[in-house]
1. How do the helices (runs of 4 or more DSSP H) wholly within chain B filter down when requiring 1 or more residues that are more than 23 Å from A:D86 (Cβ to Cβ) and more than 7 Å from every other protein chain (Cβ to nearest Cβ): which remain?
2. Residues to consider are A:E85, A:E103, A:E71; find the one that is within 27 Å of B:L76 (Cβ to Cβ), in contact (Cβ under 8 Å) with a residue 40 or more places away in the chain, assigned to a helix (DSSP H, G or I) and acidic (D, E).
3. How about the stretch A:1-56: which of its residues are without any contact (Cβ under 8 Å) to a residue 24 or more places away in the chain, of a type in the set (G, A, S) and within 22 Å of B:L16 (Cα to Cα)?
4. Take the residues of the stretch A:39-57 that are more than 7 Å from every other protein chain (Cβ to nearest Cβ) and surrounded by 13 or more Cβ atoms within 10 Å (Cβ to Cβ): which is nearest to B:N7 (Cα to Cα)?
5. Return only the number of the condition from (1) assigned to a helix (DSSP H, G or I); (2) facing chain B (nearest Cβ under 7 Å) that A:R93 does not satisfy.
6. Restricting the stretch B:16-42 to residues that are surrounded by fewer than 16 Cβ atoms within 10 Å (Cβ to Cβ) and either under 13 Å from the mean Cα position of the chain (by Cα) or aliphatic (A, V, I, L, M) (or both), which is nearest to B:L75 (Cα to Cα)?
7. Look through A:L18, A:L24, A:L3 and report the one residue that is within 7 Å of chain B (Cβ to nearest Cβ), assigned to a helix (DSSP H, G or I) and of a type in the set (A, V, I, L, M).
Amino acid sequence: MELGQREEEEEEEDQRQLTLIQNLKATVHYTVGSMCQEAADAKGVRFTKPAIAAISEVTFRQCEHFAKDLEMFARHAKRSTINMEDVKLLARRSSSLLNYITEKSEEISRINQEQKDKKKKKTEGGNKKSSKQAVTEMDIDD
Amino acid sequence: MEEDGPNFRKELVNKLLFLHFKDDRCKVSADALQLMVEMLKIFVREAAARAIRQAQAEDQDKVDIEQFEKVLPQLLLDF
């Protein structure tokens, strides 16, 4: 009796997981579709529906590799939180991709730092800026 | 930071990553998530651009699965 119930619960859980995956796939498909459309319009060509479906399927599967790699990188650094260094390591295979991702990471940390500074100014009034912290954080990138 | 053109939403990328984590305690920092959005955008844009270039090399005005298949191996090697 109990075993049957547990099986039923597991089945329900599997079903839920399946719907989640389907929903995520649909959303990825939509995003990939509009991104491809944009690229195609600029070049005066068009994508067939199967082509877009293939690209979104590949993207979805690539996410699995990304997620597993990131998890491993963080664990290797004895962390449980994935940070930007892990993402940079993910882009190691192509040097131009690595350059781009490094640039973006600098941009993101600069924007975040600025927002932090703004908040500080609001809360503490005329305190001195602590912009040196951002520099020490980025030293590892070179 | 908000850019022109369609892009992945952070919530979506977050869910996609968490779907495949083996350890439930694993977390993603906000800036890392932002960088992952960028990473996926480049992946899709690169896939589209290479497929378009392949189609143009074959003198076609529509990009079919066949063209994407040809650029797929190198795409996966680059990411």
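What follows is calculated from the coordinates using simple rules that are stated; it is not laboratory data. Just so you know, these numbers come straight off a predicted model, no measurement behind them. Ideal geometry is used to build each Cβ from the backbone, glycine not excepted, and the neighbour counts take in all protein chains shown.
1. Working: elements: B:10-20, B:30-57, B:65-78.
The helices (runs of 4 or more DSSP H) meeting that bar are B:30-57, B:65-78.
2. Details: A:E103 fails: in contact (Cβ under 8 Å) with a residue 40 or more places away in the chain; A:E71 fails: in contact (Cβ under 8 Å) with a residue 40 or more places away in the chain.
Answer to the selection: A:E85.
3. Matches in the stretch A:1-56: A:A26, A:G33, A:S34, A:A51, A:A54.
4. Ranking the candidates gives A:S56 first.
5. (1)
6. B:L19
7. Numbers: A:L18 fails: within 7 Å of chain B (Cβ to nearest Cβ); A:L3 fails: within 7 Å of chain B (Cβ to nearest Cβ).
Of A:L18, A:L24, A:L3, the one residue that is within 7 Å of chain B (Cβ to nearest Cβ), assigned to a helix (DSSP H, G or I) and of a type in the set (A, V, I, L, M) is A:L24.
Yes/no per residue for (1) buried (at least 19 other Cβ atoms within 10 Å of the Cβ); (2) over 14 Å from the mean Cα position of the chain (by Cα); (3) more than 20 Å from A:L97 (Cα to Cα):
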{"site": "B:N14", "(1), (2), (3)": "no, yes, yes"}
{"site": "B:V44", "(1), (2), (3)": "yes, no, no"}
{"site": "B:V63", "(1), (2), (3)": "yes, yes, yes"}
{"site": "B:P73", "(1), (2), (3)": "no, yes, no"}
